[in-house]
Amino acid sequence: MKVIVCKIGGSIIAGVNPTIVDDIRALRNSGFNIVLVHGGGDQVTDVAEKLGKKQQFISSPEGIKSRYTDKETAEIFTMVMSGLLAKQIVQTLEKSGIQSVSLTGIDGMLLRAQRKKKLIVMDERGRKVAIEGGFTGKINGVNTDLLEMLLSNDLVPIISPVAAGEEFELLNVDGDRACSHLAGALKAEAAIFLTDTEGLILDNIVVEKMTTEEARKSLPLIGAGMDKKVIAAVEAVEMGATRSVIGSGLKEHPLQNALSGRGTVISN
């Protein structure tokens, strides 16, 4: 089974060129199965704050920023991701004749994760401090049987980055990391991370190819946001994907472009 796992933003229209739908159709017609993982952090923040739940963001010692997720935020996160955004993506694909189904990690235990008990973050004075882990998780299991069943029935799975914890609690997991774990577990032909840039840019030049080792060594030179994608891209290959591609989601035919090597290709 030839599989491509692609991480997009919170909408298949806003922030991603709509010709991605044509790409999905063409790739499926040529024998590829497609799995989409979506984000939507900005939409979660908007809805949470409308509900009166102010969002808190934290930074790791490595400078990686993330949302602090308490129980209420985890519930809002799940509501927006799987209750609205995923359904809008399904709606878009179905309108184009592409059958799809949306899932969170807790559906069929698709994504299992270990809840983070403590987080090491930087405080306002730039000091490392330990805080309660909240409801964020580190993925440690993928139900490939469920995905393969869906793919064999000609469905495109749309995955929201919500995982099931050890006590079946809803856990916020990073969307790029969800993409890498899914791609690795499925031994995907490619893990594709669509962004608003041409790829990884170093010294004002798009890096066309990197080994996983070169990508890891470049992390100190990479800005916030892109660093998480590079880490996820490396992990996808290390876990079993043939290659990862970080490329533009804004240009026409973003999936076809990525598969043809337009962007940054990371492999062994």
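Data for the structure
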read-out: Complete set of residues in region 48-71 that are in contact (Cβ under 8 Å) with a residue 12 or more places away in the chain, open to solvent by 90 Å² or more (accessible area, probe 1.4 Å) and not in a strand (DSSP E or B); value: Leu51, Glu62, Lys71
read-out: Pairs, first closer than 21 Å to Asn33 by Cα in region 128-150, second assigned to a helix (DSSP H, G or I), C-beta under 7 Å, six or more apart; value: Val142/His181; Val142/Leu182; Val142/Ala185; Asn143/Gly108; Asn143/Met109; Thr144/Ala185; Leu146/Gly108
read-out: Failed criterion for Met79 (all others in (1) in a helix (DSSP H, G or I); (2) open to solvent by less than 50 Å² (accessible area, probe 1.4 Å); (3) aliphatic (A, V, I, L, M) hold); value: (2)
read-out: Residues within region 252-266 that are open to solvent by 20 Å² or more (accessible area, probe 1.4 Å) and either part of a loop (DSSP other than H, G, I, E, B) or basic (Lys, Arg) (or both), tallied; value: 5
read-out: Qualifying position, being at pLDDT 95 or above, more than 23 Å from Val3 (Cα to Cα) and surrounded by fewer than 24 Cβ atoms within 10 Å (Cβ to Cβ), among Ala185, Ala164, Ala224; value: Ala164
read-out: Residue identified as not in a helix (DSSP H, G or I) and not basic (Lys, Arg) among Leu36, Leu85; value: Leu36
read-out: Exclusive hit being free of Cβ contacts under 8 Å to residues at least 40 places away in the same chain and touching a Gly at 6+ places or on another chain (Cβ under 9 Å), set Asn257, Asn204; value: Asn257
read-out: Strands (runs of 3 or more DSSP E) (entirely within region 138-209) containing at least 2 residues that are among the small types (Gly, Ala, Ser); value: 162-164, 190-195
read-out: Test: residue in region 228-250 that is touching a Phe, Trp or Tyr at 6+ places or on another chain (Cβ under 7 Å), assigned to a helix (DSSP H, G or I), basic (Lys, Arg) and touching a residue at least 12 places away in the same chain (Cβ under 8 Å); value: yes
read-out: Unmet requirement for Val206, which otherwise passes all of (1) open to solvent by 20 Å² or more (accessible area, probe 1.4 Å); (2) on the phi > 0 side of the Ramachandran plot; value: (2)
read-out: Residues that are touching a residue at least 24 places away in the same chain (Cβ under 8 Å) and out of contact with any strand residue (DSSP E or B) (no Cβ under 6 Å at 6 or more places or on another chain), drawn from region 11-26; value: Ser11, Ile12, Ile13, Gly15, Asn17, Thr19, Ile20, Val21, Asp22, Asp23, Arg25, Ala26
read-out: Residue count, region 97-113 (criterion: aliphatic (A, V, I, L, M) and surrounded by fewer than 20 Cβ atoms within 10 Å (Cβ to Cβ)); value: 3
read-out: In region 241-251, residue nearest to Ser180 (Cα to Cα) [restricted to those that are open to solvent by 30 Å² or more (accessible area, probe 1.4 Å) and not basic (Lys, Arg)]; value: Thr242
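Residue-by-condition table, conditions (1) more than 24 Å from Gly40 (Cα to Cα); (2) open to solvent by 50 Å² or more (accessible area, probe 1.4 Å):
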{"position": "Arg115", "(1), (2)": "no, yes"}
{"position": "Arg127", "(1), (2)": "yes, yes"}
{"position": "Ile158", "(1), (2)": "no, no"}
{"position": "Ile192", "(1), (2)": "no, no"}
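The values are calculated or read from the model by the stated rules, or taken from the named source; none is laboratory data. A quick note: this is a predicted structure, and the numbers were derived from the prediction, not measured. We place every Cβ from the backbone using ideal geometry, glycine too, and count neighbours over all the protein chains shown. Heads up: the accessible areas ignore ligands, DNA and RNA and are worked out on the full protein's heavy atoms, side chains in. Shrake-Rupley method; radii C 1.70, N 1.55, O 1.52, S 1.80 Å.
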